[in-house]
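To keep things clear, I will list the structure first and then write my remarks on it.
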Amino acid sequence: MKRVIVGLSGGVDSSVAAYALQQQGYEVIGLFMKNWHDDSVTISDECPWLDDSNDAMLVADKLGIPFQTVDLSEQYKERIVDYMFDEYQKGRTPNPDVLCNREIKFDVFMKIALDLGADYVATGHYCRKGTIEKNGKPIYKLLAGVDDNKDQSYFLCQLSQKQLAKALFPIGELTKPQVRDIAAKLDLVTADKKDSQGLCFIGKVRLPEFLQQKLKPKEGVIVEIPAEQEYYTIETPNFDSKVDELHYLTKKIDYTISDGKIVGKHQGAQYFTKGQRKGLAVGGTVEPLFVIDTDVDDNVIYTGQGKKHPGLFKRALFVTSDELHWIREDLALKVGETMKVKARIRYRQLLEKAILHKVDNGLFVEFENLQSAITEGQFVAWYLDDELVGSGVIS
């Protein structure tokens, strides 16, 4: 019997994943990761880790599998929380869930599992794994989950072949209603438990308060940029090369306070992100204000009225070489090569047609349609059909 260690989170998905593996004849062990225990910044009623570990234990008991808790809070602080603070300070918006999978679940946690004699690590992610052979070697594919509404392949966009080799996703072929149904039939305590929101394993965090532990509040101004600003209406020039055009399409507008009018104050540009509408607390505009850019150096937030404001839209983005990642290394582009893909710049966004262009210092992703709120620090992931083949940090 092959041994699988399941990351039991105390939710319904990982509970049913453990059961599914049992049904497939694996020896299953449940492990709960304790990643954070600073209740001062979590809305503790929403996702207290104690309740979660208790639910995970009850599920393990019901399924008759061994169970233990591992405390990874030190590694979590170092690799996820510190990274988050650092990114927000630079004015970028990180995605802790993607990092948590790369750095914690499929790295620190996976090493612990393998040391415990596991052949595989399994999670309750809605995605699938495929295997093909090339030149006599296995190549692992990360495939979208069959439940379009719940597909979580995006969160695993930074996994490597080595990590995928040891990973199992037992519920990727199921839909969420089917998972709940199985849990109800088994009378599992997690059957009706609502999905956890918020940061991977921290629970629902009040983000500004969370960030204020490290990034001190500092008053600055909110500036509204009118949609008629001249730089939005400049005609696109002719280009000598495709690369010149891509550089033009990804260029940032350097906003200044004199481009618009001051409409309010804020407590720190680093707490805001592109496309954000909540938390600005500015009234009296015809349409709601959206953040179109933040300047953390001068502590200014630039906004525009309405979700159709031209300052929100771009057709291309860039990923630097050192933040470019191919799950399918065998498909990695060489300089000068292009690839037609479907891509998304955030979880749950519908896949959009795009072309990848590989250049010396990185990769351009050019979309067929304009994209709203392309945000530095977030991940772009690209697919061939239902296979996620690569990703990168938006620069």
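The values are calculated or read from the model by the stated rules, or taken from the named source; none is laboratory data. Quantities reported herein were computed from a predicted structural model and do not represent experimental measurements. Methodologically, a virtual Cβ is constructed for each residue, glycine included, from the backbone with ideal geometry; neighbour enumeration extends over all protein chains shown.
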task = Look at ILE182 and say whether it is modelled with pLDDT of 95 or more, in a loop (DSSP other than H, G, I, E, B) and more than 18 Å from LEU331 (Cα to Cα).
result = no
query = In segment 120-170, what residues are of a type outside the set (Lys, Arg), exposed (fewer than 15 other Cβ atoms within 10 Å of the Cβ) and in contact (Cβ under 8 Å) with a residue 40 or more places away in the chain?
reply = GLY130
note = For segment 377-395, the count of residues that are more than 20 Å from ARG128 (Cα to Cα), outside any strand (DSSP E or B) and not small (Gly, Ala, Ser) equals 2
request  = Collect the residues in segment 80-92 that are within 28 Å of LEU50 (Cα to Cα) and either among the aromatic types (Phe, Trp, Tyr) or crowded, with 19+ Cβ neighbours inside 10 Å (or both), keeping them in residue-number order.
outcome  = ILE80, VAL81, TYR83, MET84, PHE85
remark   = Here the residues within segment 205-263 that are part of a helix (DSSP H, G or I), free of Cβ contacts under 8 Å to residues at least 12 places away in the same chain, surrounded by 12 or more Cβ atoms within 10 Å (Cβ to Cβ) and more than 32 Å from the chain's Cα centre (by Cα) are none
key: Qualifying positions in segment 278-296 - among the charged types (D, E, K, R) and modelled with pLDDT of 95 or more   = GLU287, ASP293, ASP295
ask   = Among the residues of segment 171-191, how many are free of Cβ contacts under 8 Å to residues at least 60 places away in the same chain and surrounded by fewer than 16 Cβ atoms within 10 Å (Cβ to Cβ)?
value = 6
Members of segment 267-322 found to be touching a strand residue (DSSP E or B) at 6+ places or on another chain (Cβ under 6 Å) and assigned to a helix (DSSP H, G or I), listed by number = ALA269, GLY311, LEU312, SER321
inquiry  = Quick check on GLY268: is it within 23 Å of PHE364 (Cα to Cα) and either β-branched (Val, Ile, Thr) or in the same structural domain as ARG346 (by TED's automatic domain parsing) (or both)?
reply    = no
message = I need a count of the residues in segment 294-317 that are under 16 Å from GLY91 (Cβ atoms), surrounded by fewer than 22 Cβ atoms within 10 Å (Cβ to Cβ) and under 25 Å from the mean Cα position of the chain (by Cα).
response = 2
